[in-house]
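Read the structure below first, then the notes.
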Amino acid sequence: GGHGLRREAGNSTLALASQAAQISESTPIVAAGGITKGKHIASALAVGCQAVSIGTRFWACEESIGDETLQKELIKENSCDDVVRTTAFDELNNEISSIKWPKPYDSSGVLRNKITDDWDERPSSDLQHAINHSDLLEQYKAERGQTTSTAIYAGEGVGEVHSIEGAYA
């Protein structure tokens with residue numbers, strides 16, 4: 001699944017799950033990443049998984065306690081290419097939160113926006129310099145909740161989420 005893994009870490013969900021199922025005789029395998037529909041669940045079961053973990057689809061459901069404005073961003077015309085795994089939000093949030101995300105779990109899958117456009121491909125030292133020597137952190141705090149500057153968590157299955165409906169659907 002996506003939590004904390006890096007884009008350079010490799011394998012897609014089903015390829016990795018299939019390989020894990022082949023070498024595991026007693027450990028249950030749970031597929032995570034891109035699971036948004038029944039066909040994905042069936043595929044995971046077909047390659048030997050015992051269960052799936054569903055993220056983005058449940059984030060975009062009526063029962064979610066997430067911010068509705070951010071949820072609506074998930075159902076726009078998105079594809080897996082609109083999701084980037086970045087440390088930018090964790091670095092910014094670590095500056096203003098008492099709870100820090102530790103390495104190596106310091107990245108998040110999010111929809112691209114101004115923050116990712118400005119900071120994702122740049123060295124962490126550039127962002128840290130801006131935090132220390134500009135009003136970037138104050139701007140970030142002031143703009144939190146706006147879709148252009150807030151982490152809208154999403155995974156690679158976001159392109160198949162087209163509506164906010166009940167989790168039962």
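Structural remarks
- When the square roots of the Cα gyration tensor eigenvalues are ordered a ≥ b ≥ c, the ratio a/c for segment 11-134 is 1.5 or more and a/b exceeds b/c, which makes its shape prolate.
- Cα gyration tensor, segment 59-124 - rounded (a/c under 1.5), prolate or oblate: oblate
- Taking the DSSP bridge list for the chain and keeping only pairs wholly inside it, about 55 percent are antiparallel.
- Per-residue Karplus couplings for segment 78-86, computed as 6.51 cos²θ - 1.76 cosθ + 1.60 with θ equal to phi - 60°, are listed in order as 10, 9, 4, 6, 8, 9, 10, 8, 9 Hz, Gly and Pro entered as x.
- Residue 61 contributes an accessible area of around 10 Å² to the protein surface, as traced by a 1.4 Å probe with all chains present.
- Max mean-square fluctuation residue, GNM over the chain, Cα-Cα springs under 10 Å, options 147, 27, 69: 27
- Amide H partners (placed H, <5 Å) of residue 107, local residues excluded: 4
- Set of aspartates and glutamates near residue 76 by C-alpha distance (under 20 Å), chain-local residues within fewer than 8 positions excluded: 62, 63, 67, 68, 117, 156, 160, 165
- Near residue 32, the amide H atoms lying under 5 Å from its own belong to 53; only residues 5 or more places off or on other chains count, and H is placed 1.01 Å from N.
- Using C-alpha pairs under 8 Å with a sequence gap of at least 6, the mean separation divided by the residue count of segment 84-169 gives a relative contact order of 33 percent.
- Taking each of 37/114; 72/114; 72/100 in turn, the alpha-carbon distance tops 25 angstrom for 37/114; 72/100.
- Cα gyration tensor shape of segment 102-169, rounded if a/c is under 1.5, else prolate or oblate by comparing a/b with b/c: prolate
- FRET efficiency for residue 133 and residue 64, using Cβ-Cβ distance with R0 set to 30 Å, rounded to 0.05: 0.20
- Within the accessible area of the chain (1.4 Å probe), percent carbon and sulfur: 52 percent
- Assigned charges on the beta-carbon of Lys, Arg, Asp, Glu; the chain dipole about Cα centre (debye): 460 debye
- One decimal place: the segment residue 144-residue 37 gains 35.4 nm when fully extended, by the rule 0.36 nm per residue minus the C-alpha distance.
- Under DSSP loop assignment and at most 14 Cβ neighbours within 10 Å, longest GluC sites (Glu not before Pro)-free interval of the chain: 122-169
- Per residue of the chain, the DSSP helices (runs of n ≥ 4 H) give a summed -39500 (n - 2.57) that works out to -10000 deg cm²/dmol at 222 nm.
- Each Cα pair under 8 Å and six or more residues apart adds its sequence gap; the mean of these over the residue count of the chain is a relative contact order of 30 percent.
- Efficiency of FRET between residue 97 and residue 46 - r from beta-carbon atoms, R0 45 angstrom, step 0.05: 0.65
The values are calculated or read from the model by the stated rules, or taken from the named source; none is laboratory data. Computed from a predicted structure; not experimentally measured. Note that we place each Cβ from the backbone using ideal geometry, even for glycine, and neighbour counts take in every protein chain shown. Note: areas computed on protein heavy atoms with side chains; ligands, DNA, RNA excluded. Shrake-Rupley method; radii C 1.70, N 1.55, O 1.52, S 1.80 Å.
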